[in-house]
Amino acid sequence: MTGKPRKQEGEASGEKLHGGHRGRLKSRFLKEGLDSFEDHQVLELLLFQTIPRIDTNPIAHRLMQRFGSLSSVLEADPRDLASVEGIGLNAAAFLSMIPQLTRRYFHDRVRHSRKALNTSEAAAEYLAPLMAGRPEEVFYLVCLDSQLKVLYPALISEGTVKDALVHPRHVIEAAVRHKAASVILAHNHPAGSAKPSTHDHRLTRNLVQALGGINVQVVDHIIVAGEQIYSFQREGVLPGYEAAG
């Protein structure tokens, strides 16, 4: 008589134990949410989705030891995640998806509210989700209609943690393509203060002049650095357009 080999008693009891632990964590999440969870327990809960049956607690601790924090784990390169014992490509891809999914969720929610970005606070609320969890510097041109409602957030450039290459020609092309009446410039400082650099001020002046030449007004330049927000308009340092001649 043939059939599948019977599991050893220790293996079967281990699976039962881990299954009970998974069930308790899931029930706790459904009842309480994540607020009372420790960071490694959040990772455990996530790993349940891609790693069946085995105990994910040691794997979660290895991830925390390797990368130092929950946010660093989720922002890590998938190849680095996959090199941790117990993490395969599927789990690495799933964990890496979380920050991107979060950005997508918050941006979609704000975008569909169709609120006018008529204050620096409203602009910051719209922009923060676009920048959340990005390890690299990015530059956006937020194209607005005549009522300062968003037409389209155009990603102009993705760079290193120190710089993003922004060409006025690309900015003008995006503004024309999306029929912008006015725009908000926006970029992030992934590591550091939201305070603008000399380069940021120079870039702002150049883009105000370039866009002014096609009758598109720059209403603000927002810099996001974590929870810090810097608004050129609010700080009174947004340059005006100076017509040639």
Using Cβ counts within 10 Å as a stand-in for footprinting exposure, how do Lys195, Lys31, Lys115 rank, fewest first?
Lys31, Lys195, Lys115
Selection from Val218, Leu43, Ile54, by position along the positive dipole direction of the chain (Cβ)
Ile54
Taking just the C-alpha trace of the stretch 9-102, give me its Rg and Dmax in Å.
13.3, 42
So for Asp55, Asp35, Asp80, fewest C-beta neighbours within 10 Å to most, what's the order?
Asp35, Asp80, Asp55
Please name whichever of Ala194, Leu89, Ala124 sits farthest to the positive end of the charge dipole of the chain, dipole taken about the Cα centre and charges placed at Cβ: Lys and Arg +1, Asp and Glu -1.
Leu89
Residues with amide H under 5 Å of Asp220's amide H, sequence separation 5 or more or different chain, H placed in the peptide plane at 1.01 Å from N; which?
Leu185
Pairing the Cα long axis of helix 120-131 with the longest principal axis of the chain, what angle in degrees results, from 0 to 90 and rounded to the nearest 10?
50
Kirkwood-Stokes translational diffusion coefficient of the stretch 90-245, alpha-carbon pairs, 37 °C, 0.692 mPa s, µm²/s
208
Quickly work out the Arg114-to-Ser72 label distance, labels modelled 7 Å from Cα along the C-beta direction, and quote it in nm with one decimal.
4.5
How much length would be gained if the chain were fully extended between His167 and Leu151, taking 0.36 nm per residue of separation minus their Cα-Cα distance, in nm to one decimal?
3.7 nm
If r is the Cβ-Cβ distance from Ala194 to Glu158 and R0 is 25 Å, what FRET efficiency results, to the nearest 0.05?
0.85
Would you work out the relative contact order for the chain, in percent, from Cα pairs under 8 angstrom that are 6 or more residues apart?
12
Glu125/Ser83 FRET efficiency (R0 41 Å; Cβ-Cβ; nearest 0.05):
0.65
Name the aspartates and glutamates eligible as straight-distance cross-link partners of Lys195: C-alpha to C-alpha under 16 Å, and not fewer than 8 places from it in the same chain.
Glu137, Asp163, Asp220, Glu227, Glu235
Could you tell me how many degrees, from 0 to 90 and to the nearest 10, lie between the Cα long axis of helix 9-32 and the main elongation axis, the longest principal axis, of the Cα atoms of the chain?
40
Sort Met131, Met64, Met97 by Cβ crowding within 10 Å, fewest neighbours at the top.
Met97, Met64, Met131
Considering only DSSP states other than H, G, I, E and B, which trypsin sites (Lys or Arg not before Pro) in the stretch 173-245 qualify as loop sites with at most 11 other Cβ atoms within 10 Å?
Lys179
Only Cα pairs under 8 Å and at least 6 apart count here; give the relative contact order of the stretch 9-102 as a rounded whole percent.
22
Can you give me the long-range amide H partners of Tyr140? Hydrogens built in the peptide plane at 1.01 Å from N, cutoff under 5 Å, separation of 5 or more residues or another chain.
Ile156, Ala186, His187
Compute the helix-to-body angle for 89-113: its Cα long axis versus the longest principal axis of the chain, expressed 0 to 90° and rounded to tens.
40
Report the GluC sites (Glu not before Pro) located in the stretch 56-127 that are in a DSSP loop and have at most 15 other Cβ atoms inside 10 Å of their Cβ, or state none.
Glu85
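Only the coordinates and a few stated rules stand behind these numbers; no lab work does. Predicted model only: the values in this text are computed from it and were never measured. For neighbour counting, all protein chains shown are included, and Cβ atoms are generated from backbone atoms with ideal geometry for every residue, glycine included.
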